[in-house]
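The next block holds one structure in the form of structure tokens; read it before the comments.
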Amino acid sequence: MAKRSKNKQRISLEDEVPTNNPFASLASLRDELPEGPSKETLTTKSKGLVPKRVGKTSLSCERKGRAGKTVTILRGVLFEGALLEMFVKELKRALGTNAWIEGDEIIMAGDQTERARQWLARATH
């Protein structure tokens, strides 16, 4: 084992104060930003985000056409656009798995049928 040198010179950083803040100039641009979505659109809690069962929603587990990987498919969700993306984000967070949108279906990685069924039941009641 090599011996450590005891003659290391220490550099003190306490005397140096950073003078350049790269974000200081961005504060003046805040007024020029476009308006964001309204508060009603941004409800990410399950109560406001999961639709009541108006149509038929189905969960299935498949491997076909996915290189042998198991996925869970959720069909019949009544959201579109940004609300659908927010729904998938909330679903991913709640189940702790990856999920994405393909056409009008939500695809979840792995066999998540029971967990997704329980989450949807809790969220809609």
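The values are calculated or read from the model by the stated rules, or taken from the named source; none is laboratory data. All values reported here derive from a predicted model rather than from experimental measurement. Note: ideal-geometry Cβ built from the backbone for every residue, glycine included; neighbour counts use all protein chains shown.
Points worth noting:
- Filter result for residue 108 (hydrophobic (A, V, I, L, M, F, W, C) and touching a residue at least 40 places away in the same chain (Cβ under 8 Å)): no
- Residue 68 falls short on exactly one of the conditions (1) among the small types (Gly, Ala, Ser); (2) modelled with pLDDT of 70 or more; (3) not in a loop (DSSP other than H, G, I, E, B), and that condition is (3).
- Filtering 60, 46 for residues that are of a type in the set (S, T, N, Q), surrounded by 10 or more Cβ atoms within 10 Å (Cβ to Cβ), under 29 Å from residue 115 (Cβ atoms) and modelled with pLDDT of 85 or more leaves a single hit, 60.
- Positions within the stretch 93-105 being assigned to a helix (DSSP H, G or I) and either in contact (Cβ under 8 Å) with a residue 12 or more places away in the chain or acidic (Asp, Glu) (or both), in sequence order: 94, 95
- Against the list (1) touching a Ser or Thr at 6+ places or on another chain (Cβ under 7 Å); (2) surrounded by 14 or more Cβ atoms within 10 Å (Cβ to Cβ), the condition residue 106 fails is (1).
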